[in-house]
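One structure below.
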Amino acid sequence: MAYWYPIMFKSKIAVILGTLIIGTSTASMAVANTSSTSINISAVVPSTEFQALPTNPNFGQAEVLAYNPTNSSLGGLSQRYTYKSTTGAIKAFIEGGASNLYNGNSAQNIPLTTKFNNVVLTGTAQEVVAQTLANSGGSADLTITPGPIPSGASGNYDASFTVIFESTAP
């Protein structure tokens, strides 16, 4: 009789575990259709003293220059920026200097001309918005214009560069 109690206890555990397993699998079958959405949110809140930001927050992430087969040229890009500086004029430059579209063969580089507010940007900081305009804030275009495609050039071209905006001291 002393051996009967542990056997009865073990069989009750087996019945309980079996019921839990069946109940769990039945519950998972009841939820056969699901839908989910992954949401990633980011925001840029500029300082009240200085900002120079594209109006399209996705600008610069995957830009494509369209090829025109009629005149064998590439189209350019234009993006509106908002700006404000309560501490002085706004200067801009391209980190490392002017950039080129590159396909792996430097003889086939396509030069890019980048302008902000109609000022050609180089590797040297230069004023692109005067202090009086910067103080009240406004907007201006950043444009990127490709040069001519070298004769015989083809392939996939890439360029990556950074435009830096800075506020000057009054």
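The values are calculated or read from the model by the stated rules, or taken from the named source; none is laboratory data. Predicted, not measured: the structure shown is a model, and the values here were computed from it. As a convention, Cβ positions derive from the backbone with ideal geometry for all residues, glycine included, and neighbour counts pool all protein chains shown. What goes into the accessible areas is simple: the full protein's heavy atoms, side chains included, and nothing from ligands, DNA or RNA. Shrake-Rupley method; radii C 1.70, N 1.55, O 1.52, S 1.80 Å.
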**Request:** Take the stretch 122-162 and flag every residue that is touching a Gly at 6+ places or on another chain (Cβ under 9 Å) and β-branched (Val, Ile, Thr).
**Result:** Thr122, Thr124, Val129, Thr143, Ile144, Thr145, Thr162
**Residues of the stretch 118-153 satisfying the condition of being part of a loop (DSSP other than H, G, I, E, B) and open to solvent by 80 Å² or more (accessible area, probe 1.4 Å)** = Asn118, Thr124, Pro148, Ser151
**Prompt:** Can you name the residue in the stretch 158-170 that is open to solvent by less than 50 Å² (accessible area, probe 1.4 Å) and among the hydroxyl-bearing types (Ser, Thr, Tyr) and, of all such residues, is nearest to the chain's Cα centre (by Cα)?
**Reply:** Ser167
**Prompt:** Which of the residues that make up the stretch 40-73 are touching a strand residue (DSSP E or B) at 6+ places or on another chain (Cβ under 8 Å) and at positive phi?
**Reply:** Gly60
**Filtered residue count, the stretch 54-90, keeping only those that are open to solvent by 80 Å² or more (accessible area, probe 1.4 Å), part of a strand (DSSP E or B) and closer than 26 Å to Glu127 by Cα** = 1
